[in-house]
1. Just a yes or no: is a residue in region 226-235 at pLDDT 90 or above and out of contact with any helix residue (DSSP H, G or I) (no Cβ under 8 Å at 6 or more places or on another chain)?
2. Tally time: how many residues in region 141-163 are part of a helix (DSSP H, G or I), surrounded by fewer than 24 Cβ atoms within 10 Å (Cβ to Cβ) and touching a residue at least 24 places away in the same chain (Cβ under 8 Å)?
3. Return the residue satisfying two criteria in turn: it lies in region 236-247 and is assigned to a loop (DSSP other than H, G, I, E, B) and in contact with a helix residue (DSSP H, G or I) (Cβ under 6 Å, 6 or more places away or on another chain), and of such residues it is surrounded by the most Cβ atoms within 10 Å (Cβ to Cβ).
4. For the structure I just gave you, tell me whether residue 217 is under 15 Å from the mean Cα position of the chain (by Cα), under 30 Å from residue 77 (Cα atoms) and in a helix (DSSP H, G or I).
5. Find the residue count for region 269-283, including only residues that are assigned to a helix (DSSP H, G or I) and either within 11 Å of the chain's Cα centre (by Cα) or in contact (Cβ under 8 Å) with a residue 24 or more places away in the chain (or both).
6. What are the residues in region 331-344 that are at pLDDT 70 or above and under 12 Å from residue 101 (Cα atoms), if any?
7. So, of the residues in region 182-194 that are exposed (fewer than 14 other Cβ atoms within 10 Å of the Cβ) and part of a helix (DSSP H, G or I), which turns out to be nearest to the chain's Cα centre (by Cα)?
8. Quick one: in region 284-315, of everything that is part of a helix (DSSP H, G or I) and out of contact with any helix residue (DSSP H, G or I) (no Cβ under 7 Å at 6 or more places or on another chain), which residue is nearest to residue 14 (Cα to Cα)?
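The values are calculated or read from the model by the stated rules, or taken from the named source; none is laboratory data. What you see is a predicted model; the values in this text were computed from it and never measured. Counting neighbours? That spans all protein chains shown, and the Cβs are built from the backbone with ideal geometry, glycine included.
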């Protein structure tokens with residue numbers, strides 16, 4: 001019992017230090033990201049402008065740097081934080097629901113479903129909601145895809161993890177075919193837009209887009225920690241969790257809805273950004289243990305840090321050009337995924 005208590009104390013201490021480090025990283029990274037770019041703004045001026053806007057002193061900048069800071073940089077930074085937090089938390093939920101560290105939000109078809117809605121809107125020139133048309137179509141089709149996967153994988157009043165995954169894989173393939181058809185019928189201008197959207201980017205960030213994703217992200221991030229204890233019990237296995245009072249089927253349905261909400265909201269404004277939901281929770285699990293009480297909010301924090309840092313690199317490393325954000329995360333995430341596959345296989349002594 002003493003050994004268990006000591007391990008628990010060490011885990012809590014590591015979690016506390018890690019949370020403090022992530023918050024500190026955000027506090028440093030935000031003003032740095034706001035100052036760097038094609039139009040550089042000194043960090044002191046960034047902080048002075050923020051203090052001035054908050055009524056705490058500081059100094060207002062000239063018209064051009066003030067406009068760049070508040071109309072270009074800050075919307076992009078806030079959107080990066082929201083999208084990163086949503087994808088990181090959704091990944092932690094996915095891995096908890098499926099009991100598999102290799103799971104990520106795209107498994108249940110939300111990302112590919114959202115891509116179908118956005119690509120169709122771009123290919124056929126839909127504009128019934130003005131500038132909101134593409135995000136709205138992506139969000140609606142992403143939620144619809146998650147619902148379809150769940151309904152098709154349900155049998156006898158129950159859903160099995162393997163069936164969910166296989167149904168998600170089939171839907172992803174079907175969505176890829178639909179995207180190919182849309183590209184075939186689209187004109188050259190639409191194809192360029194679709195390609196850029198599929199590669200993932202925050203270059204079109206605006207305050208209205210931030211406000212569009214904010215309610216869904218906040219709702220999903222607020223709901224997720226409420227299920228931390230039940231996810232810890234589910235990690236023991238479905239049968240033990242049921243004996244301990246967990247309604248496994250209801251929990252799975254609820255969390256799939258939360259995952260779909262977070263992922264669809266993120267994808268609808270940023271395009272497809274892979275590997276954040278896979279890498280972030282696993283890194284935290286290795287650093288602070290598998291307890292979901294810290295893992296869920298910690299994944300949101302680390303996801304925000306990772307995506308903000310990745311976006312900063314994407315828009316500065318090849319300036320004045322801008323790397324697609326989804327390409328950058330894939331370049332960094334793919335080697336980690338290969339390493340994770342080998343590590344998991346080695347620990348389990350093979351897959352069979």
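1. Yes - at least one qualifying residue is present in region 226-235.
2. 6
3. 246
4. Considered against the rule, which asks whether it is under 15 Å from the mean Cα position of the chain (by Cα), under 30 Å from residue 77 (Cα atoms) and in a helix (DSSP H, G or I), residue 217 comes out as yes.
5. Final tally of qualifying residues: 9.
6. Scanning region 331-344 gives 337, 340, 341, 343.
7. Within region 182-194, the match that is nearest to the chain's Cα centre (by Cα) is 192.
8. It comes out as 286.
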